[in-house]
Amino acid sequence: MSTIPRSGERLRRDSLGLSQIIASTLANIAPAMSFFFGFGLIASGAGVGAPLTILVAMVVILFLTNTLAQFSKYRPSAGSFVTFIGMSFGPWAGAAASIFVVVGYCIAASSVVVISGGWAAQTLQTFVGINIPWQAISIIATAIVGLLVSRGISLSTTWAAIFFYFELVLLLIGAVIMLVVNWHSVSAAPFMISSVTGGWKGIGLGFPLAIYLFIGWENSAMLAEETTDPRRNVPRALITGTLSIGILYMFLAFATETAFHNDAKALTASSLPYVDAFKASAAGLLIVAYLAGVTSIFSSLIGLTNAQARILFSSAREGLLPQFFGKIHPQHRTPHVAMWTYIVVALLIVLVFGTVDKIDPVTLFGDTGTLGTIPVIVTYLLTNLALPVYMLRYHREDFNVFTHLIVPVVGTVAMAFPLWGLVEPGQPFPFNLYPKLSLALLALSVVYGLILAKSKPDLVQRIGSYVADEEY
């Protein structure tokens, strides 16, 4: 494959080990935040059998991890999806993907920004009696995260890991307390297909939300340039992170349902089942659940800013987006311009809709999370389809029908279900607008890609030219 001279700067290599990128991935997923707000809706579809919905979602995500793992073995890159799509389908597709997925990620990130203020404000009001506007807390959280991630990948990842493991311990303490207090209700019912309301249809109803619980599983692929032995460690982190978070979710679901005495009606009536179950089991320790939520959200902000902003940086460095975003801090070797741009734009989305339109944090969390997830899931699908094309174009001698064709195709078909759940007609306002907005964004992205590819003939050589572990 031909290459061209690379004038862009490199990120600091060998800054992260396997344990660090796994921790960053789990922090990005934010199990407390995701489970608190998502499990009740999953249970409303599947009833007591909701953990099986999570199990199915984990299996589907594992199909996707195969795709990123295979790409990362051959061409580990901070550009991740953009690099893989561009090298497979051409420079116009890579340029289009750079716009499409960065905007999607940024909108999805705003859901974490808004809930950082909303949840922290509620925690302070509930346990300290202090009333601070959630917008102010979101601004403070954004500023702290921006300063932290711009000062070094190792430093910020360490803090993300600290917050995540603190969150994990609190979640497990809460789950164990629920099981001990409600030991008489412990049964295998949550894992029996007969407990699923409506059978496979019930699983399908909650499946899109169960997939959303795993968003962020791809974090480690974007940290490839700073990871030691990325061709080996990135695939391991992708698989380990997905399995770990899936098992954790199923355990939390089991404990929560046990605290509800496996009562599907009571479970689905709760908007925050884990929190309500903890309160019923040990009201005096309820602050444990709230603190888990606070640390979860903060660690997620660090993890997603570190990883997802690197796609913006990498796309700029390779000429797909303005070079301004491809700058690296001279001392800390971080893509500070891309990071600050990413997190500040997410904050502005929150402030505009949360303050001007006066949308409350929980509602805005759902709105931005849903809208941002649509482009991300479409990008997942395109990357799956890109794998067999890439292998046949560049590594035909290694092509394996099962690994490089059947698994990606099955994963694509499976991911079409949660995508349909997000875009199907007949949804209430404003959710009925999101498919149209996403389609408009996709059209604009494609037009941008076609124009850019025509104006820059060398773009085909620039995409994927920065390989994580190669010397230049």
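Using a cutoff of 8 angstrom between alpha carbon atoms and counting only pairs six or more residues apart, the relative contact order for the chain works out to 35 percent. Counting beta carbons within 10 Å around each of 420, 183, 159, 134 and listing the fewest first gives the order 183, 420, 159, 134.
Each of 321, 147, 209 was scored by other Cβ atoms within 10 Å of its Cβ. Arranged with the fewest first, they read 147, 321, 209. Label positions at residue 406 and residue 191, each projected 7 Å from the Cα along the C-beta direction, are separated by 2.7 nm.
Over the chain, the reciprocal of the mean inverse Cα-Cα separation, the Kirkwood hydrodynamic radius, stands at 22.3 Å.
Taking the stretch 280-384 on its own, what percent of its Cα-Cα pair distances exceed 25 Å? Value for the stretch 280-384: 39 percent of Cα pairs lie more than 25 Å apart. The magnitude of the dipole of the stretch 1-154, with charges of +1 and -1 set on the Cβ of Lys/Arg and Asp/Glu and taken from the Cα centre, is near 440 debye. Spin-label pair residue 285-residue 454: with each label point 7 Å from Cα along the Cα-Cβ axis, the two points sit 6.5 nm from one another.
Computed from the C-beta positions of residue 10 and residue 244, the FRET efficiency with R₀ = 30 Å rounds to 0.50. Each Lys and Arg adds +1 at its Cβ and each Asp and Glu adds -1 at its Cβ; summed about the Cα centre, the stretch 33-455 shows a dipole of about 760 debye. When the inverse distances between all different Cα atoms of the stretch 186-278 are averaged and flipped, the Kirkwood radius reads 15.5 angstrom.
Total Lys pairs in the chain closer than 26 Å by alpha-carbon, pairs eight or more apart in sequence or interchain only? Summing the qualifying lysine pairs gives 5. Spin-label pair residue 447-residue 236: with each label point 7 Å from Cα along the Cα-Cβ axis, the two points sit 4.7 nm from one another.
One chain, two ends: residue 398 and residue 440. Fully extended at 0.36 nm per residue, the span grows by 11.3 nm beyond their Cα-Cα distance.
Listed from fewest to most Cβ neighbours within 10 Å, the set 297, 144, 115, 239 follows the order 144, 239, 297, 115.
Throughout, read-outs are computed from the coordinates displayed, never taken from laboratory work. Quick caveat, the model's predicted, so the values are computed rather than measured. Quick reminder, even Gly has a Cβ in these numbers, built from the backbone with ideal geometry, and neighbours come from all protein chains shown.
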